[in-house]
Amino acid sequence: MLPETDPLGELVADLRGRLRGPRSVRAALVREVDDGLHDAAAAYREAGLAPAEAARRAAEEFGAPADLAPLYQAELDASQGRRAALLIALTYPTLTLAWDALWRYASTGDGTASGSVTLAARLLDAGSYGAAIAAAVAALLFGRASATWTRRLALGVGTLGWLSLVLSVCTSVWMAQADGGQGAAAMRSSTPGILVVLLTVAASLAVAGTATSTLLRAGRLRISLPSAPVR
Amino acid sequence: MKDSVRGHLDAMLLAVLEPGPLHGYAVIEALRQRSGGRFDLPTGTVYPALRALERAGYLDGDWSTVGGRKRRTYRLTGSGRRALVAERTDWQDFSRALDATLAGES
């Protein structure tokens, strides 16, 4: 006697194994598919088919996971990309405002900075707001993006995240060491200064993490519409 | 038929959800009934298409209990209704032009 097979369970496991992305979104997508497949099999059973044949028909109608996975992956990439874009859009203005508040209200440093440090600080502020605006626009564009454009946008957001991070870290380190390390010394001697530095490090790690995930996942995505015959 | 169905899947999904909210398999059943059985795409294409329409703001998706089981149910939003009206108008214009062209000289 042949062992009993579970075509629906195998199909769902196959599809799940092909998807990468935010865990909660992936679980919800796969659960919805599982529900739909069991509904389809139940409908065939009610129509008089034997349980095994009903399950086989439901799985056959669904299509091949290899062909369908890119469509599901596009939704996961959109979710991942939108999260990354929103994080970038919120992080940079928050950090810029925190640093501004530190210099203005926390009596950190003696208020003197060379012209080049002041210029670098202004450029950093402008770059931060520019990156945040670009990320906010990308977050909106994810809403109506096709599968191909979702991948391009995700690659763009991941690149924006890393590029902005590298530029802001390099500029910040240079400013801290400029004028004989005056900025770094002011930070070390002030509790608000240490808190803002810790906030900046945590936010930078978060941007680095989400930008890396977005780039890796979007880099793997390949679009091909399903073409396998159903019946 | 399959390619033409695929090209209009979004509009068809909006249309079957116009009367009221449905869960994924009920959407597939409605597509079959309303298309007279001509809907022959892999049913696995419907779920990501519903998610894409939700992402675009045309549908609201929510988990609810239907028939004693938790299912993801979709309902048309105001934006989705406007998109459906626009799709219908486009299709009627295209259909009229195609009819006139295919009818030939009378």
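The values are calculated or read from the model by the stated rules, or taken from the named source; none is laboratory data. Since the model is a prediction, treat every value here as computed from it, not as a measurement. Backbone-built Cβ (ideal geometry, glycine too); neighbour counts: all protein chains shown.
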Note to self: Checking A:Leu90 against (1) farther than 21 Å from A:Leu198 by Cα; (2) within 17 Å of the chain's Cα centre (by Cα), only one condition comes out false. Which one?
What the structure shows: (1)
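Looking at A:Gly143, is it in contact with a Leu (Cβ under 8 Å, 6 or more places away or on another chain), small (Gly, Ala, Ser) and either surrounded by fewer than 20 Cβ atoms within 10 Å (Cβ to Cβ) or in contact (Cβ under 8 Å) with a residue 60 or more places away in the chain (or both)?
Working: in contact with a Leu (Cβ under 8 Å, 6 or more places away or on another chain): no; small (Gly, Ala, Ser): yes; either surrounded by fewer than 20 Cβ atoms within 10 Å (Cβ to Cβ) or in contact (Cβ under 8 Å) with a residue 60 or more places away in the chain (or both): yes.
In short, no.
Just need a number here: residues in the range A:162-217 that are outside any helix (DSSP H, G or I) and surrounded by 13 or more Cβ atoms within 10 Å (Cβ to Cβ). Lay out the reasoning, then the answer.
If we filter the range A:162-217 for residues that are outside any helix (DSSP H, G or I), which is where we start, we get A:189-190.
Pick out the ones that are also surrounded by 13 or more Cβ atoms within 10 Å (Cβ to Cβ) and you get A:190.
Selection size over the range A:162-217: 1.
Please indicate, with yes or no, whether at least one residue in the range B:80-91 is surrounded by fewer than 21 Cβ atoms within 10 Å (Cβ to Cβ), within 10 Å of chain A (Cβ to nearest Cβ) and not hydrophobic (A, V, I, L, M, F, W, C).
Just the residues of the range B:80-91 that are surrounded by fewer than 21 Cβ atoms within 10 Å (Cβ to Cβ), to begin with: B:81-91.
After this cut, where a residue has to be within 10 Å of chain A (Cβ to nearest Cβ) as well, the list is none.
Checked the range B:80-91: no residue is surrounded by fewer than 21 Cβ atoms within 10 Å (Cβ to Cβ), within 10 Å of chain A (Cβ to nearest Cβ) and not hydrophobic (A, V, I, L, M, F, W, C).
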Check: Which of the residues spanning the range A:116-128 are surrounded by 18 or more Cβ atoms within 10 Å (Cβ to Cβ) and modelled with pLDDT of 90 or more?
Finding: A:Ser128
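Every residue in the range A:100-115 that is hydrophobic (A, V, I, L, M, F, W, C), over 13 Å from A:Leu195 (Cβ atoms) and at pLDDT below 75, please. Step through it out loud before you land on a result.
Step one: list which residues in the range A:100-115 are hydrophobic (A, V, I, L, M, F, W, C), which gives A:101-103, A:106, A:113.
Still in the list and also over 13 Å from A:Leu195 (Cβ atoms): A:103, A:113.
Correct list: A:Ala113 only.
Of the residues A:Gly21, A:Gly9, which is out of contact with any strand residue (DSSP E or B) (no Cβ under 7 Å at 6 or more places or on another chain), part of a helix (DSSP H, G or I) and either away from chain B (no Cβ under 14 Å) or not hydrophobic (A, V, I, L, M, F, W, C) (or both)? Break it down stepwise before answering.
Working: A:Gly21 fails: part of a helix (DSSP H, G or I).
When all the criteria are applied, what remains is A:Gly9.
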Notebook entry, point to check: Of the conditions (1) charged (D, E, K, R); (2) surrounded by fewer than 19 Cβ atoms within 10 Å (Cβ to Cβ); (3) more than 10 Å from every other protein chain (Cβ to nearest Cβ), A:Asp77 fails just one. Which one is it?
Noted result: (2)
Notebook entry, point to check: What pairs can you find where one residue is in the range B:23-45 and more than 20 Å from A:Val12 (Cα to Cα), the other is in a helix (DSSP H, G or I) and of a type in the set (Asp, Glu), and their Cβ atoms are less than 9 Å apart, with a gap of 6+ or different chains?
Noted result: B:Glu29/A:Asp39
Notebook entry, point to check: Going by the structure shown, is A:Ala131 modelled with pLDDT of 95 or more and not in a loop (DSSP other than H, G, I, E, B)?
Noted result: no
Notebook entry, point to check: Got a sec? Which of B:Arg51, B:Arg71 is outside any helix (DSSP H, G or I), among the charged types (D, E, K, R), within 21 Å of A:Leu71 (Cα to Cα) and facing chain A (nearest Cβ under 8 Å)?
Noted result: B:Arg71
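Only one residue in A:Leu76, A:Leu2 is at pLDDT below 95 and either part of a helix (DSSP H, G or I) or acidic (Asp, Glu) (or both). Which one? If you could, list the steps in order and put the result at the bottom.
Values: A:Leu2 fails: either part of a helix (DSSP H, G or I) or acidic (Asp, Glu) (or both).
Sole residue among the options that is at pLDDT below 95 and either part of a helix (DSSP H, G or I) or acidic (Asp, Glu) (or both): A:Leu76.
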